[in-house]
Each structure stands twice: as structure tokens, then as C-alpha cells.
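I have placed the structure first, in the form of C-alpha cells, so that the comments after it can refer back to it.
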Amino acid sequence: MNDSEPVIAQRVAEVAAMFQKERTGHAPGSITVVLSHDTLVITMCDALTPAEKELARTPAGAAEVQEFHRQLFLASADALRAEIRRITGREVREAAAEVEPTSGTVVHAFTTGDVVQVFLLKGRS
């Protein structure tokens with residue numbers, strides 16, 4: 001990681017938080033951005049609204065929340081891609097989002113054609 005990557009990651013985190021708040025009216029509890037080589041991963045914890053968390057208590061509701069957030073991401077991905085390009089100076093070639101409805105975590109993975117596997121670990125006991 002070069003010296004500018006932490007600054008870039010912080011700026012991406014700020015933009016991602018702003019987009020999430022604009023899209024849903026709910027700011028995430030925390031955001032982690034990992035920038036390594038050609039991969040950028042944005043993880044937003046506690047990103048679901050209380051209503052979405054309640055809905056996600058059933059399998060059908062969880063599927064509905066996941067689909068809603070996928071569609072929301074698709075609808076706003078171009079604007080987020082443009083901001084990432086502005087901040088990093090690099091084009092985003094691929095974008096994907098996944099929601100884990102029981103924990104309220106949203107992961108946006110931007111890659112250049114590689115396989116990205118993200119594992120969210122439980123908190124320490």
C-alpha cells in the first residue's frame with residue numbers, strides 16, 4: 001500500500017456513506033474500505049433501517065430486503081462509479097453489492113475481473 005491509499009480509502013468511505021444516506025435515509029454505523037492493487041471493497045455495517053431489520057427476520061422478508069438493496073445499488077452505481085473514478089483516478093470495471101440482512105451489513109465489491117470473496121467475521125467474544 002502506498003502512502004496515498006489510506007487517504008483515498010477515507011475519501012471513498014465518506015462518499016459511500018453519503019450515497020447510502022441519500023439512497024436510504026439511514027447512514028451506516030461504520031464503513032470499512034479496503035483498497036489493494038485492483039480491488040476496492042466497501043463494507044457498511046449497520047446499514048439497514050430499523051424497518052428493514054424487522055422485515056429481514058423472516059426468510060421471505062430477508063430476500064425482499066436483499067433484492068431492494070440490489071436494485072437500489074444498480075440504480076445508483078453509475079454515480080458511485082464516477083465518484084470512485086474521480087477519487088482514485090481509475091475506472092471501475094465491475095461492481096457488485098450484497099446485503100446480509102440479519103446483521104445489516106452491505107458489501108460493495110469493485111474488481112477488475114478477479115473473484116472477490118468477502119468473509120464477515122463475528123465480533124470477538
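Here, each number is a calculation from the coordinates, and none is a lab measurement. Small disclaimer: the values here were computed from a predicted structure and weren't measured. Using ideal geometry, Cβ is built from the backbone for each residue, glycine included, and neighbour counts are taken over all protein chains shown.
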Site Gln71, offset 7 angstrom along Cα→Cβ, radius 17 Å on amide nitrogen, limited to the range 19-48, gives 23-25
Most exposed to least, judged by fewest other Cβ atoms within 10 Å, Met18, Met44 sort to Met18, Met44
Taking a crude spin-label model, label points 7 Å out from Cα along the C-beta direction, the Ala51 to Asp38 distance in nm is 4.1
By the Kirkwood definition, with r running over pairs of different Cα atoms, the chain has a hydrodynamic radius in Å of 15.0
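Quick check: residue separation of Val7 and Glu94 times 0.36 nm, minus the Cα distance between them. What number comes out in nm? If you can, show how the numbers build up before the last one.
Working: separation 87, 0.36 × 87 = 31.32 nm, distance 2.24 nm.
Net length gain for the segment: 29.1 nm.
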A correct Karplus calculation of ³J(HN,Hα) over the range 58-72, with 6.51 cos²θ - 1.76 cosθ + 1.60, θ = phi - 60°, whole Hz and x for Gly and Pro, returns 10, x, 5, x, 4, 5, 5, 5, 4, 5, 4, 6, 4, 5, 4
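Neighbouring Cβ atoms within 10 Å as the yardstick, rank Val15, Val99, Val118, Val41 fewest first.
Final ranking by Cβ density, sparse to dense: Val118, Val41, Val15, Val99.
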